[in-house]
Amino acid sequence: MDPGEEAQTIDIKKYRHESPAPSKEGLVRLCSVIEGNLAEMNQIALEVNKNQALLDKHTDKYRLFYFGCLIFDFYLHVEDCLLQMARTIDKWIPASLDWHARLLRLMKSPFPEKRPPILSPETASLLENYLILYLNFHHQGPKLSSEKIKKMASNIDHLYNLLERDLTTLTRLFSPEKR
């Protein structure tokens, strides 16, 4: 992250279409999507932790590819949550070649009068590292560095806990049943 990047805010008004606030049903649906994705992320984190000893002992390309796939799936669930939030609350999603990075920047910035920042700085920083792995995995697959995959696998529990905290806070904010 560049030193001046944190101070920079995103002027989303020049990118989004004016539209009404999200409906109650839309927010309830969003909370349901987030809860479902958190449950899936938890299962993936448990699977990675259960097999962590195998990854430490054996680094054959098939095992690394398996762990890479788990991490890839984990990130897809994160991305699904963030995209759903951008669609439902912000009424805007990035549509450019660097849309993954722009989505993360959007989610760590507040959206005036609609929502606070969704991701804490620590969560966003870890996700930026996962984004790099995700994009590399998408294109390189089993050729990825074993050290990179091991590092991501060892951090997945911590990332899940941060995401659960950040996203659960958001669901409490928007879900009428949890207020």
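Listed values for segment 151-165 are Karplus-derived 3J(HN,Hα) couplings in whole Hz (6.51 cos²θ - 1.76 cosθ + 1.60, θ = phi - 60°), namely 5, 5, 5, 6, 9, 5, 4, 4, 4, 4, 4, 5, 5, 4, 4, and x replaces Gly and Pro. By the count of neighbouring beta-carbon atoms within 10 Å, fewest first, K114, K108 end up ordered K114, K108.
Coupling constants for segment 88-95 follow from the phi torsions by the Karplus curve (6.51 cos²θ - 1.76 cosθ + 1.60, θ = phi - 60°), and in residue order they are 6, 8, 7, 6, 7, 10, x, 9 Hz; glycine and proline get x.
Would you mind getting me the FRET efficiency between K24 and S120? Use the beta-carbon distance for r and R0 = 45 Å, nearest 0.05. The computed FRET efficiency comes out at 0.95.
Inter-label distance, S154 to D73: 2.4 nm, where each label sits 7 Å from its Cα along the C-beta direction.
Taking θ as phi - 60° and the Karplus parameters 6.51, -1.76 and 1.60, the scalar couplings of segment 100-114 work out to 4, 5, 5, 5, 4, 4, 4, 6, 8, 9, x, 10, x, 6, 10 Hz in sequence order, x denoting glycine and proline.
If each residue of separation counts as 0.36 nm, what is the full-extension length gain between I132 and T168 once their alpha-carbon separation is subtracted?
On the way: separation 36, 0.36 × 36 = 12.96 nm, distance 2.50 nm.
That works out to 10.5 nm of additional length.
Taken along the Cα-to-beta-carbon direction at a fixed 7 Å, the label points for K57 and R87 span 4.3 nm.
Each reported figure results from applying straightforward, stated rules to the coordinates on display, with no laboratory input. Quick caveat: nothing in here was measured; it's all calculated off a predicted structure. No Cβ is skipped: glycine too gets one built from the backbone with ideal geometry, and neighbour counts run over all protein chains shown.
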